[in-house]
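The values are calculated or read from the model by the stated rules, or taken from the named source; none is laboratory data. What you see is a predicted model; the values in this text were computed from it and never measured. Methodologically, a virtual Cβ is constructed for each residue, glycine included, from the backbone with ideal geometry; neighbour enumeration extends over all protein chains shown. Remember, those area values only see protein heavy atoms, side chains included, never the ligands or the DNA or RNA. Shrake-Rupley method; radii C 1.70, N 1.55, O 1.52, S 1.80 Å.
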Amino acid sequence: MASYTKAAQQWATFARAWYLLDAKMQPPGKIAAATVIRLEGKHKPIYHALSDCGDHVVIINTRHIAFSGNKWEQKVYSSHTGYPGGFKQVTATQLHLKDPTAIVKLTVYRMLPKNLQRRTMMQRLHLFPEDIIPEDIQKNLLQEIPQPRAVPKRLDEYTPEEIAAFPKVWTP
């Protein structure tokens with residue numbers, strides 16, 4: 001009987017879990033840092049660099065990511081076709097308008113280790129521009145990764161009682 005419980009325990013240890021991360025109002029670098037740990041499997045006690053023990057990560061609301069400062073206009077993503085004159089540069093705004101998941105995907109891809117397992121780990125990354133998730137993926141979700149940064153409430157999200165109770169700094 002003891003071998004049965006050990007087998008179940010071992011299966012649960014090696015099984016791939018599905019995590020959910022909400023990217024709304026989060027910087028792409030912080031999202032990628034939290035995601036890469038789960039994709040590599042570094043959060044598991046059985047982690048080894050040569051073993052493929054990472055989990056699936058589902059990131060929603062990639063359309064609503066946030067850059068600090070003026071990075072939407074200043075950050076440039078570069079690529080080259082390999083042909084003469086094939087150097088392309090696109091700002092973060094242009095790339096985000098073309099594909100809302102591209103910035104998060106590139107950030108995670110560049111943060112993963114540069115080895116043969118990188119493409120396999122990227123296959124376990126699932127990106128969605130809004131909070132709509134397909135049913136087959138939604139039934140697999142086990143746990144939610146906490147957001148790296150706290151999102152402040154907007155002014156229209158406060159109730160009139162909370163606004164009235166807020167301390168007045170200056171009275172006319």
Using a 1.4 angstrom probe on the protein heavy atoms only, could you order Leu142, Leu112, Leu20 from most to least accessible area? Leu142, Leu20, Leu112
One finds the C-alpha centres of the stretch 16-77 and the stretch 87-141 to be spaced, in Å, by 9 Å
Grab the Cα-Cα distance for Thr93 and Leu155, subtract it from 0.36 nm times how many residues apart they are, and report the gain in nm with one decimal. 19.7 nm
Sorted by average packing, counted as other Cβ atoms within 10 angstrom per residue and highest first, what order do 113-124, 98-109, 27-38 take? 27-38, 98-109, 113-124
Would you list the P(r) distribution for the chain, with all Cα-Cα distances sorted into 10 Å bins from 0 and each bin expressed as a whole %? 8, 29, 28, 19, 10, 5, 1, 0
In deg cm²/dmol, rounded to 500, what helix-only [θ] at 222 nm does the chain give when every DSSP H run of at least 4 residues adds -39500 (n - 2.57) and the total is split over its residues? -9500 deg cm²/dmol
Over all directions, the stretch 78-172 yields a Cα convex hull whose mean projected area in nm² is 12.8 nm²
Scale the Cα Rg of the stretch 90-142 by the rule-of-thumb value 2.2 N^0.38 Å and send over the ratio, two decimals. 1.33
Restricted to pairs 8 or more residues apart or on different chains, the lysines in the stretch 44-172 with C-alpha atoms under 20 Å apart form a number of pairs equal to 10
Could you give the length gained on full extension between Val76 and Gln123, defined as 0.36 nm per residue of separation minus the Cα-Cα distance, in nm? 14.4 nm
